[in-house]
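Read through the structure below, which is laid out as structure tokens, and then see the notes.
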Ligand SMILES: [Zn+2]
């Protein structure tokens with residue numbers, strides 16, 4: 001395997017996917033973030049902590065502008081991070097992934113990883129807009145969320161090992177994972193925060209968040225598959241002519 | 001008649017160093033976007049970074065959008 005080429009295409013795929021993901025968020029999640037933060041502002045005015053007016057608005061717009069300007073950059077960083085994880089798993093599992101074209105392989109793996117390390121954790125610990133989270137519980141929530149991702153991902157790897165060893169009835173490995181993750185899903189403690197924000201705001205935000213993250217997984221897989229197909233970092237050619 | 005043969009060698013070995021680098025990128029990227037509360041800037045700016053949490057604010061919207069726990 002050509003290491004530098006392999007690294008380059010993995011990082012480029014992740015970064016590009018992440019930047020696209022960042023831009024998409026301006027249309028998908030940002031409107032919900034704005035309404036959620038406006039609710040927080042209202043609470044501040046009502047409690048008398050802040051006074052609405054041109055002065056507050058100038059400072060607020062400045063602050064929100066800074067936050068929004070980070071969306072694309074942070075998207076690129078997160079895309080590279082997720083792309084790197086994907087690159088590691090793809091390099092290790094590519095040989096046994098079915099499919100003629102590399103894009104078939106990346107899409108299949110991406111779908112499985114999206115499901116185990118994103119979708120299942122998302123269903124348990126759904127994304128929340130500002131105003132929902134209690135700052136006191138952020139460390140606990142982070143630990144819960146990360147642990148669940150790790151358990152689900154490592155569980156999938158474990159059941160893949162079982163899948164490899166099974167001679168027949170390989171479906172048992174999928175059923176095994178389903179039972180395993182269902183049990184974990186039920187016994188993991190729920191998000192401790194009470195959602196006081198309007199449910200349509202929260203649900204709308206969650207749908208948009210899930211959609212946007214899914215685009216990241218999709219775009220990263222498409223680009224990596226296309227680049228791998230073109231540059232074949234795993235193949236070393238040698239021409240022997242006589 | 002000349003014969004031309006192309007031998008394609010598919011090296012099964014995956015470069016460990018490349019995987020380690022990707023592992024580091026994964027860990028750091030996740031930390032910066034998902035969990036940093038000023039730790040990284042504090043290395044350069046000292047304790048004041050914790051009050052300003054620039055990095056947190058810059059990655060704030062993405063943190064929510066990507067589903068990480070926040071405020
Ligand atoms: Zn927040």
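Brief remarks follow.
- Of all residues in the stretch A:102-143, those that are under 17 Å from residue A:222 (Cβ atoms) and either assigned by TED's automatic domain parsing to the domain that holds residue A:188 or surrounded by 16 or more Cβ atoms within 10 Å (Cβ to Cβ) (or both) total 11.
- If you filter the stretch A:141-150 down to residues that are within 9 Å of chain B (Cβ to nearest Cβ) and in contact (Cβ under 8 Å) with a residue 40 or more places away in the chain, you find that the one that is nearest to the ligand (Cβ to nearest atom) is A:141.
- Selection count where residues are touching a residue at least 12 places away in the same chain (Cβ under 8 Å) and closer than 21 Å to residue A:13 by Cβ, scope the stretch A:112-140: 7
- Scanning the stretch B:60-71 for residues that are crowded, with 20+ Cβ neighbours inside 10 Å and either near the ligand (Cβ under 10 Å from one of its atoms) or more than 10 Å from chain A (Cβ to nearest Cβ) (or both), we see that the one that is modelled with the lowest pLDDT is B:70.
- Among the residues making up the stretch A:170-196, those that are more than 12 Å from chain B (Cβ to nearest Cβ) and surrounded by 18 or more Cβ atoms within 10 Å (Cβ to Cβ) are A:173, A:177, A:181.
- Checking each residue in the stretch A:99-126 for being closer than 16 Å to residue A:185 by Cα and not in a helix (DSSP H, G or I) picks out A:125, A:126.
- Every residue from the stretch B:37-57 that is within 16 Å of the ligand (Cβ to nearest atom) and either surrounded by fewer than 21 Cβ atoms within 10 Å (Cβ to Cβ) or modelled with pLDDT of 90 or more (or both): B:37, B:38, B:52, B:53, B:54, B:55, B:57
- Positions within the stretch A:125-140 being within 7 Å of another protein chain (Cβ to nearest Cβ) and under 10 Å from residue A:205 (Cβ atoms), in sequence order: A:127, A:129, A:130
- Residue check, residue A:146 within 24 Å of residue A:81 (Cβ to Cβ), in the same structural domain as residue A:24 (by TED's automatic domain parsing) and assigned to a helix (DSSP H, G or I): no
- Test result for residue B:30, in contact with a helix residue (DSSP H, G or I) (Cβ under 7 Å, 6 or more places away or on another chain), part of a helix (DSSP H, G or I), facing another protein chain (nearest Cβ under 9 Å) and at pLDDT 95 or above: no
- Search result, residues across the stretch A:67-98 that are loosely packed, with under 14 Cβ neighbours inside 10 Å and assigned to a helix (DSSP H, G or I): A:69, A:92, A:95, A:96
- Tally, over the stretch A:174-193, of residues that are closer than 17 Å to residue A:146 by Cβ and either under 22 Å from the mean Cα position of the chain (by Cα) or assigned to a loop (DSSP other than H, G, I, E, B) (or both): 9
The values are calculated or read from the model by the stated rules, or taken from the named source; none is laboratory data. The model shown is predicted, which means the values in this text are computed figures rather than measured ones. Here Cβ is always computed from backbone atoms with ideal geometry, including for glycine, and neighbour counts include all displayed protein chains.
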